[in-house]
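S.K.: The structure follows.
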Amino acid sequence: MAETNPNTRLEAFCDGIFAIAITLLILDIKVPPISAVHTKAELWEAFAHELPSWFAFLLSFIILLVSWVGHWHTFKLIGGSSPKFTYANGLLMLSVVLVPFITAAVAEYLTSGDSDLAQPAITLYCAVILLNNIAWNLIQYIYLYSESLVKPNVDIKKAKKQAMYSRYILVLYGFTFILSFWFPLIAFTIIALSFVSWLIQGIAIKEEKMIYV
């Protein structure tokens, strides 16, 4: 029987990558070894020392969650496929698999308490987020403009209007990448606030009423 959804395997492949990347994030959170802890106060202190790791983990979890939800909603709008679309998704997956590594690097060097030492890791973090956004813009351009892969029941004008937000965010993330060379903690904070905003917006928005006709 013919496959009704031409992107079935691509969705499954991408979902698997998202699942593995999210799972890998927690592996960088280390339990304080019992040989190094002798009192309750020392254990609390050891946990507190890991707070930067927890912060980096939670931010990256939110980033991957928001990306996965956006990916899921995007595929609900698409009724076709093309080589360009498939490879654009591959670029997005590249940014996703980089997140666990760069999260571990940021957590490690933020723990040092030296923002200058953490700057290269934060700059690379900003670069990965910028790559993620570039991939999103490329995907949206292909399925909305270049290839016209949307389903017949999708309001194309509203879909294009929503896609414009990714272009604005591209400017923001480009700015944070440059800013990170001189003010890494500010750049990292901007990234965090932007994705918290995306998370809140994603919870509140009712896509079906905005996109489908």
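The values are calculated or read from the model by the stated rules, or taken from the named source; none is laboratory data. Note that the structure is a prediction, hence the values are computed from the model and not measured. Here Cβ is always computed from backbone atoms with ideal geometry, including for glycine, and neighbour counts include all displayed protein chains. Calculation scope for accessible area: heavy atoms of the full protein, side chains included, ligands and nucleic acids excluded. Shrake-Rupley method; radii C 1.70, N 1.55, O 1.52, S 1.80 Å.
S.K.: Take Y141 and A41, extend 7 Å from each Cα along the Cα→Cβ direction, and tell me the distance between the two endpoints in nm.
M.R.: My value for the distance between the label points is 5.9 nm.
S.K.: Moving on. Using every pair of alpha-carbon atoms in segment 1-55, split the distances into 10 Å bins beginning at 0 and state the percent of pairs per bin, rounded to integers.
M.R.: With 10 Å bins starting at 0, P(r) equals 19, 28, 19, 15, 11, 7, 1.
S.K.: Then there's this: Using alpha carbons only, how many degrees (0 to 90, rounded to 10) separate the axis of helix 156-179 from the longest principal axis of the chain?
M.R.: 30
S.K.: Further question: For segment 82-213, state the semi-axes of the equivalent ellipsoid (square roots of 5 times the eigenvalues of the alpha-carbon gyration tensor), sorted largest first and rounded to whole angstrom. It would help to have the intermediate numbers written out before the result.
M.R.: Details: eigenvalues 205, 53, 29 Å².
Over the Cα atoms of segment 82-213, the ellipsoid semi-axes are 32, 16, 12 Å.
S.K.: Angle between the Cα long axis of helix 184-204 and the longest principal axis of the chain, 0 to 90 degrees, nearest 10?
M.R.: Helix 184-204 and the main axis of the chain meet at about 50 degrees.
S.K.: Hey, what angle do you get for helix 8-25 against the long axis of the chain, alpha-carbon based, 0 to 90 degrees rounded to 10?
M.R.: Result, in degrees: 10.
S.K.: To continue, here is another question. Within segment 108-140, name every residue whose backbone N is under 17 Å away from a label modeled 7 Å from Cα of W182 along the Cβ vector.
M.R.: Backbone N within reach: 116, 119-120, 123.
S.K.: Can you put E42, E50, E108 in order of accessible area, largest first, using a 1.4 Å probe?
M.R.: Working: E42 70, E50 35, E108 120 Å².
Output order, biggest surface exposure first: E108, E42, E50.
S.K.: Quick check: at a probe of 1.4 Å, how many percent of the accessible area of segment 46-164 sits on carbon and sulfur atoms?
M.R.: Values: 3650 of 5360 Å².
The computed percentage sits at 68.
S.K.: Only sites in a loop by DSSP and with at most 11 other Cβ atoms within 10 Å count here; which chymotrypsin sites (Phe, Trp or Tyr not before Pro) in segment 115-213 make the cut?
M.R.: Numbers: sites: Y125, W136, Y141, Y143, Y145, Y165, Y168, Y173, F175, F177, F181, W182, F188, F195, W198, Y212; in loops: F181, W182.
Those that pass, being in a loop and sparsely packed, are W182.
S.K.: Can you pull out the trypsin sites (Lys or Arg not before Pro) in segment 133-213 that DSSP calls coil and that have at most 11 other Cβ atoms within 10 Å?
M.R.: Numbers: sites: K157, K158, K160, K161, R167, K206, K209; in loops: K206.
When the trypsin sites (Lys or Arg not before Pro) of segment 133-213 are filtered for loop state and at most 11 Cβ neighbours within 10 Å, K206 remain.
S.K.: Counting other Cβ atoms within 10 Å, keep those with at most 14, restrict to DSSP loop, and tell me which trypsin sites (Lys or Arg not before Pro) in segment 1-53 are left.
M.R.: On the way: sites: R9, K30, K40; in loops: K30.
Here the sparse-neighbourhood loop sites are K30.
S.K.: Distance from the Cα centre of segment 2-27 to that of segment 138-163, in angstrom?
M.R.: 22
S.K.: What percent do you get for the relative contact order of the chain when only Cα pairs under 8 Å and 6+ apart count?
M.R.: Working: 201 pairs, mean separation 50.6, N = 213.
Relative contact order comes out at 24 percent.
S.K.: Now, a different point. Accessible area per residue for segment 39-89 in Å², computed with a 1.4 Å probe and the full protein assembly in place, what is it?
M.R.: 54
S.K.: Skip the ligands, DNA and RNA, and give the accessible area per residue of segment 100-213 with a 1.4 Å probe, whole Å². Walk me through the intermediate numbers first.
M.R.: Working: 6240 Å² over 114 residues.
With all protein chains present, segment 100-213 gives 55 Å² per residue.
S.K.: When the Karplus curve 6.51 cos²θ - 1.76 cosθ + 1.60 is applied with θ = phi - 60°, which whole-Hz ³J(HN,Hα) does each residue of segment 136-145 get, with x for Gly and Pro?
M.R.: 4, 4, 5, 4, 5, 4, 5, 7, 9, 10
S.K.: Report the accessible area of S166, computed with a 1.4 Å probe over the heavy atoms of all protein chains in place, in Å² rounded to the nearest 10.
M.R.: Only protein atoms counted, so the area is about 10 Å².
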